[in-house]
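Shown next, in structure tokens, is the structure this report addresses.
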Amino acid sequence: MNNKSILISGAGIAGTTLAFWLKKFGFNPTIVEHAPKLREGGYAIDFWGAGFDVAERMGILPDLDKADLKIAELTFVDENNKRKGGLNYKQIVKVMNNRAFTLLRSDLARAIYKHLDSDVEIIFGDTINKIEQHADAVTVTFSSGNKRSFDLVVGADGLHSNVRGLVFGNEAQFEKYYGYYTSSYTIEDAAFDNNAYQMYNVPGKQAAVYLTNENKATTFFIFTSPQKLSYQYQDIAAQKQVLRNEFENIGWKCADLVSKMDAAPDFYFDAVSQIQMNDWSKDRVTLVGDACDCPSLLSGQGSTLAMVGAYILAGELKEANGDHKIAFQKYQHIFKPFIDDKQKIAQNFAKSFVPKSRLGIWMRNVIVNLMFLPFVSKLLVKRFSDDKLKLKVY
Ligand SMILES: Cc1cc2nc3c(=O)[nH]c(=O)nc-3n(C[C@H](O)[C@H](O)[C@H](O)COP(=O)(O)OP(=O)(O)OC[C@H]3O[C@@H](n4cnc5c(N)ncnc54)[C@H](O)[C@@H]3O)c2cc1C
């Protein structure tokens, strides 16, 4: 096997899945993660489709089942917390042959991490500052000052990928903004008493809250903004002020939810964007997950797709006996058309994701209320299915 030592930037969903499979296939992966430890908290994700199949092959389904939030219904409420409609989650999961979970992104990351071979080296609290490519290796300088050589480097460091910036250039050339900002954070001391995912809308804005485990809840906010906002990506205080301005005075529980954001350990705020690149690899460096193909939350599948991409990349490296030229090309050839499709579906969904008028909110509630009919929920599931991708067994 050639090119055995592989540095992965990012211990998120894609990075840990890649390390899992590379190790299994006989490579020596090292992960560098800039956070001091595995990221906690965060938003809930729907987890199904081809990523579910990859998770099954990894043997992590029992952990995911334990982490499942057991949400019974997505309930639309008005300003008085009165139910206006709802999506029966249990029915949707049934239509998916019970091959779906709703769980925190961090619980998925932890489950993958737990199953990593103990030999996999993980460097927390560091990041790559410089990447120099040579004919037979890649020299990497870390921000700690350490300098090391690897055969290959993979950027699995998310939407704002550091490796992509160092090797492929400025993010602006790859980012396609879809007109929304989103935010999410944990409320540590929440007093909600049911397992519904409650969602409240006013035109152009949506707020939601749901219980995660004892006394903890997670919020989800999304609002329209035709133009990208101008604040520094790292300026958390400015992001919180934007959220306050958008939601504090729109009714329901919003003022209370927003008042709790300063105490949150895991405040998240970002634009809703896709990453679209023609080429995912340059010589000995490639990208995986959101770093190269982020479909955005509009697709509802970013995590599962990140796992599928990582599985295919590791598998193609195995099949090519580590020949990165062959493997990187095949990885993109197999996976990119599928991703392009998913990105298009998400783009089409962008305009209607958050209703922009009272009539739009009413119509959305009516349509969602029809989902209790089995043939309607089957149609919905079919639209987002991963049938077109036949996962190889490597
Ligand atoms: C609000 C919201 C809702 C979503 N809902 C869903 C859903 O329902 N279903 C679904 O499947 N997906 C969903 N997604 C998408 C999903 O979370 C992402 O697509 C997925 O996490 C991508 O995985 P990743 O490993 O590529 O990136 P990430 O999970 O973002 O991981 C990247 C890792 O890289 C690390 N990192 C970043 N910079 C550096 C650096 N410089 N050096 C080293 N490490 C670094 C980060 O700390 C992180 O650990 C949602 C996303 C959002 C924002």
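Read-outs throughout are calculated quantities, based only on the coordinates presented, and are distinct from any laboratory measurement. Please read these numbers as outputs of a predicted model, since none were measured by experiment. Don't worry about glycine lacking a Cβ; one is built from the backbone with ideal geometry, like all the others, and counts go over all protein chains shown.
Three principal axis extents describe the C-alpha atoms of the chain; from largest down they are 64, 45, 37 Å.
Here, region 113-158 has an Rg and a Dmax of 12.1, 35 Å when only alpha carbons are counted. A helix-only calculation puts the chain at -11000 deg cm²/dmol for mean residue ellipticity at 222 nm, using -39500 (n - 2.57) for each DSSP H run of at least four residues, averaged over all residues.
Across region 348-360, computed HN-Hα scalar couplings (Karplus, 6.51 cos²θ - 1.76 cosθ + 1.60, θ = phi - 60°) run 5, 7, 4, 4, 9, 4, 10, x, 9, 9, 4, 4, x Hz from first to last residue, x flagging Gly and Pro. Taking the square roots of five times each eigenvalue of the Cα gyration tensor of region 23-90, the equivalent ellipsoid has semi-axes of 35, 18, 9 Å, listed largest first.
Modelled this way, with points 7 Å down the Cα-to-C-beta line, the labels at Asp136 and Ser118 are 3.5 nm from one another. Computed about its Cα centre, the charge dipole of region 246-394 is approximately 700 debye, with only Lys, Arg, Asp and Glu carrying charge at their Cβ.
Stretching His34 away from Lys351 to a fully extended chain increases their span by 110.7 nm, per 0.36 nm per residue minus the current alpha-carbon distance.
Close amide H contacts of Thr30 (hydrogens built in the peptide plane, cut-off under 5 Å, sequence separation of 5 or more or a different chain): Ile6, Leu7, Ile8. Working value for region 135-282: equivalent-ellipsoid semi-axes of 36, 19, 14 Å, each the square root of 5 times a Cα gyration tensor eigenvalue, largest first.
Inter-label distance, Asn88 to Ile236: 4.2 nm, where each label sits 7 Å from its Cα along the C-beta direction. With θ taken as phi - 60° and the Karplus curve 6.51 cos²θ - 1.76 cosθ + 1.60 applied, the whole-hertz 3J(HN,Hα) list for region 105-122 is 3, 5, 5, 5, 4, 5, 5, 5, 4, 4, 8, 5, 4, 5, 6, 6, 6, 10 Hz, x standing for glycine and proline.
Computed over the chain with a Gaussian network model linking Cα atoms closer than 10 Å, the most mobile of Ile345, Ile236, Ile222 is Ile236. Restricting attention to region 178-307, lysine pairs at least eight places apart or on different chains and with alpha-carbon atoms under 29 angstrom apart total 13. About its Cα centre, the dipole of the chain is roughly 1120 debye, where the only charges are +1 on Lys and Arg Cβ and -1 on Asp and Glu Cβ. Which FRET efficiency, nearest 0.05, do Lys388 and Arg57 yield, Cβ-Cβ r, R0 25 Å? Efficiency at R0 = 25 Å is approximately 0.85. FRET efficiency for the pair Phe375 and Arg99, taken as 1/(1 + (r/R0)^6) with r the Cβ-Cβ distance and R0 = 25 Å, rounds to 0.80.
Summing charges over all other residues whose Cβ lies under 10 Å from the Cβ of Gly10, with Lys and Arg as +1 and Asp and Glu as -1, gives -3. Backbone amide hydrogens, once placed in the peptide plane, bring Asp323 within less than 5 Å of Asn2, excluding anything fewer than 5 places away on its chain. Label-to-label distance, Ser5 versus Asn146, with points set 7 angstrom from Cα along the beta-carbon direction: 1.2 nm. Computed 3J(HN,Hα) for region 251-268, one whole-Hz value per residue from the Karplus formula 6.51 cos²θ - 1.76 cosθ + 1.60 where θ = phi - 60°, is x, 6, 8, 4, 4, 5, 4, 5, 5, 9, 5, 5, 8, 6, x, 9, 4, 10, glycine and proline marked x.
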